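The values are calculated or read from the model by the stated rules, or taken from the named source; none is laboratory data. Computed from a predicted model, the values in this text were never measured in an experiment. Here the Cβ is made from the backbone with ideal geometry for all residues, glycine too, and neighbour counts use every protein chain on show.
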Amino acid sequence: MSDGNGLVGSATQQVTLANVGTTTLTINSIQWSANFSDSNNCNGSLRPGASCRINVRFVPTTTGVLTGTLTITDSDVTSPQVVTLTGTGVAPVLSLSVNVLPFGNQTVNTTSASQTVLVSNTGTAPLIINNIALNGANPNQFTQNNNCPGTLAVDASCTVNVAFRPRSRGNKSANLNVNVAAPATSKSVALTGTGI
């Protein structure tokens, strides 16, 4: 049984347990491996001709191909019945081309040339970008504009252009924050410049 790809969890897939015998089947336990979970309507026993459903969900804790088993222990002579489970854990990864953008000296009330931050998804699933914003000590001394979509595909990139426009003399600093949805991790770029 393959559960496909999963981040936090996949859609459920169904296993049917049927009693094709002539006596009541007693269900002792239903167990599953790590990275999988189940819910079921099997209530301890099945009369002849009856069946119940076991819903298996892939909930990976890491990336890559993951395997496991669903084990049903019951009163049948073939017990335990084992179903092999497989799935591939995927996750987006946010990568930024730089950690720091130094703008140096800039005349007050003039705007520097833009510097570019490349935002990339180096993971194996689409990256959801919640927002890109400036904060920190002096966010109003910097500007940013970007062409980043709400969802960045695997191996795709977008750009953020940042400029420094000091409103007064002295050292200025801020952070460019790229905020993304879990399971990816948000990151920031430190911005520095001096108004002269």
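Scan segment 36-47 and report the pairs whose first residue is closer than 29 Å to Leu66 by Cα and whose second residue is part of a loop (DSSP other than H, G, I, E, B), with Cβ atoms within less than 6 Å and a gap of 6+ or a chain change.
Ser37/Val59
Could you grab me the full set of residues in segment 114-125 that are among the aliphatic types (A, V, I, L, M) and assigned to a loop (DSSP other than H, G, I, E, B)?
Ala125
Taking only segment 67-76 into account, find how many residues are surrounded by fewer than 18 Cβ atoms within 10 Å (Cβ to Cβ) and part of a strand (DSSP E or B).
Looking only at that region, the number is 4.
Please count how many residues of segment 169-191 are charged (D, E, K, R) and crowded, with 22+ Cβ neighbours inside 10 Å. Talk me through it step by step, then tell me what you get.
Initially, segment 169-191 is screened for residues charged (D, E, K, R), giving 169, 172, 187.
From what is left, the residues that are crowded, with 22+ Cβ neighbours inside 10 Å are 172.
Counting residues in segment 169-191 that are charged (D, E, K, R) and crowded, with 22+ Cβ neighbours inside 10 Å gives 1.
For residues that are closer than 29 Å to Val180 by Cβ and assigned to a loop (DSSP other than H, G, I, E, B), tally how many sit in segment 44-66.
Within segment 44-66, residues that are closer than 29 Å to Val180 by Cβ and assigned to a loop (DSSP other than H, G, I, E, B) number 5.
Considering each residue of segment 77-113, count those that are surrounded by fewer than 17 Cβ atoms within 10 Å (Cβ to Cβ), part of a loop (DSSP other than H, G, I, E, B) and not hydroxyl-bearing (Ser, Thr, Tyr), and give that number.
Total satisfying the criteria: 7.
If you check every pair at least six apart or on different chains, which have Cβ atoms under 7 Å apart with a residue in segment 122-139 that is in contact (Cβ under 8 Å) with a residue 60 or more places away in the chain and in the same structural domain as Pro183 (by TED's automatic domain parsing) first and a residue that is surrounded by 13 or more Cβ atoms within 10 Å (Cβ to Cβ) and of a type outside the set (Val, Ile, Thr) second?
Gly123/Ala91; Gly123/Pro92; Gly123/Ala184; Thr124/Ala91; Ala125/Leu7; Ala125/Ala91; Ala125/Pro92
If you scan segment 15-43, which residues turn out to be under 17 Å from Thr78 (Cα atoms) and assigned to a loop (DSSP other than H, G, I, E, B)?
Result: Asn19, Val20, Gly21, Thr22, Thr23, Thr24.
Do you know which residues across segment 42-66 are of a type in the set (S, T, N, Q) and either modelled with pLDDT of 90 or more or surrounded by 15 or more Cβ atoms within 10 Å (Cβ to Cβ) (or both)?
Our first condition is that a residue be of a type in the set (S, T, N, Q); within segment 42-66, this holds for 43, 45, 51, 55, 61-63.
Result: Ser45, Ser51, Asn55, Thr63.
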